[in-house]
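Structure first, commentary second.
The values are calculated or read from the model by the stated rules, or taken from the named source; none is laboratory data. Keep in mind that this is a model prediction, so the values were computed, not measured. Note: ideal-geometry Cβ built from the backbone for every residue, glycine included; neighbour counts use all protein chains shown.
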Amino acid sequence: MSIASHKTNRTSLAIGWEAAKANAAPAFILQGAMLVVLISYYLSPACADFLNRLAQYKEQHGLVFVVIAAVLAGAIVPELFVIVFFQRGRPHRQNLRNLAFTVPTWGIDGILVDLMYRLNAVWFGDVVTVGVVVAKILVDQLGYNPFFAAPSEVLVYEWKNEGFSWKSVRRALTWEHYRDKIVPTLLATWAVWGPLMAIIYSLPYPLQFPLFSIALTFWVLLLTYMTNRFAGKIEADAPPALAVATED
């Protein structure tokens, strides 16, 4: 391996590690909260009844529920976070421009994620066993994520950061881009989503997307951190919330 290649690979690993460290505290809080939901579902009849009614509501409204939940979690809540904590509660025109990008982005992503959960239920069954949960995690994190989710999500955010230039699209089709941008994103993703996937797939299929939507807000913060880090908009030790604040 050449010195340049070794340096590039080390840099990619370093960026992924930086993102994982920067998001460690909120990630543990999120994982802990979702673990409490999982335990409560199986041990608390009242909690199980509430979640089952939520699952029934989701099944009744189908894609409408999926899109609204994904847009709220992936677009509106993160933008409100920026307005409240970084704009002193004062909305700007840039917030509307951000929403014009994030609303369709995460609405479409929500549909695709729900489809993946549905296919996993068809392929492996809507049952909770160690083998089934592991199989679904492998399809999710070693199939859907590295071959579609991470590349496409990094691409659309880079496309936005570079003024919607088609050069970023052409660059995204190269191995160098995958190595330098997608690999560190995957490392940061696996550190957060590995435990979350075990929790999500340990619930019945109708509840998997509602639990995913709870975690989506955090994922948007992480993804924004990564893409702004790649674009040089934030320093290596900046917290993820700062990354969102620098979107404009």
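Considering region 87-99 alone, what residues qualify as being free of Cβ contacts under 8 Å to residues at least 40 places away in the same chain, assigned to a helix (DSSP H, G or I) and out of contact with any Asp or Glu (no Cβ under 7 Å at 6 or more places or on another chain)?
Within region 87-99, ARG93, LEU96 meet the criteria.
Could you say whether any residue in region 53-60 is surrounded by 16 or more Cβ atoms within 10 Å (Cβ to Cβ) and either closer than 21 Å to THR217 by Cβ or in contact with a Leu (Cβ under 8 Å, 6 or more places away or on another chain) (or both)?
Yes, the conditions are met somewhere in region 53-60.
Select, from ALA55, ALA48, the only residue that is of a type in the set (A, V, I, L, M, F, W, C), in a helix (DSSP H, G or I) and either closer than 30 Å to GLY89 by Cβ or at pLDDT 90 or above (or both).
ALA48
Which number in (1) closer than 19 Å to PHE212 by Cβ; (2) in contact with a helix residue (DSSP H, G or I) (Cβ under 6 Å, 6 or more places away or on another chain); (3) in a loop (DSSP other than H, G, I, E, B) marks the one condition that VAL128 misses?
The single condition VAL128 does not satisfy is (2).
Does THR105 satisfy being surrounded by 16 or more Cβ atoms within 10 Å (Cβ to Cβ) and hydroxyl-bearing (Ser, Thr, Tyr)?
Spelling it out, THR105 is indeed surrounded by 16 or more Cβ atoms within 10 Å (Cβ to Cβ) and hydroxyl-bearing (Ser, Thr, Tyr).
Considering (1) out of contact with any Ser or Thr (no Cβ under 9 Å at 6 or more places or on another chain); (2) farther than 27 Å from LEU155 by Cα; (3) part of a helix (DSSP H, G or I); (4) at pLDDT 85 or above, say which one VAL84 fails and leave the rest.
Of (1) out of contact with any Ser or Thr (no Cβ under 9 Å at 6 or more places or on another chain); (2) farther than 27 Å from LEU155 by Cα; (3) part of a helix (DSSP H, G or I); (4) at pLDDT 85 or above, only one is false for VAL84: (4).
Checking VAL67 against (1) in contact with a Gly (Cβ under 6 Å, 6 or more places away or on another chain); (2) within 19 Å of ASN161 (Cβ to Cβ); (3) of a type in the set (Val, Ile, Thr), which single condition isn't satisfied?
(2)
Do any residues in region 144-167 that are over 18 Å from ILE108 (Cα atoms) have Cβ atoms under 7 Å from those of residues that are hydroxyl-bearing (Ser, Thr, Tyr), where the two are at least six apart or on different chains, and which pairs are they?
ASN161/THR227; GLU162/SER168
Quick check: is even one residue across region 100-111 in a helix (DSSP H, G or I), acidic (Asp, Glu) and farther than 23 Å from PHE148 by Cα?
Among the residues of region 100-111, not one is in a helix (DSSP H, G or I), acidic (Asp, Glu) and farther than 23 Å from PHE148 by Cα, which makes the answer no.
Please enumerate the residues belonging to region 133-165 that are crowded, with 21+ Cβ neighbours inside 10 Å and of a type in the set (Phe, Trp, Tyr).
Of everything in region 133-165, just one residue is crowded, with 21+ Cβ neighbours inside 10 Å and of a type in the set (Phe, Trp, Tyr), namely TYR157.
For TRP219, are the conditions met, namely being within 19 Å of the chain's Cα centre (by Cα), buried (at least 22 other Cβ atoms within 10 Å of the Cβ) and within 19 Å of ALA75 (Cα to Cα)? Full working, then the answer.
Working: within 19 Å of the chain's Cα centre (by Cα): yes; buried (at least 22 other Cβ atoms within 10 Å of the Cβ): yes; within 19 Å of ALA75 (Cα to Cα): yes.
Answer is yes for this residue.
Taking GLU79 and the conditions (1) out of contact with any helix residue (DSSP H, G or I) (no Cβ under 7 Å at 6 or more places or on another chain); (2) of a type in the set (D, E, K, R); (3) under 26 Å from GLY163 (Cβ atoms), which numbered condition does it fall short on, given that it satisfies the others?
(1)
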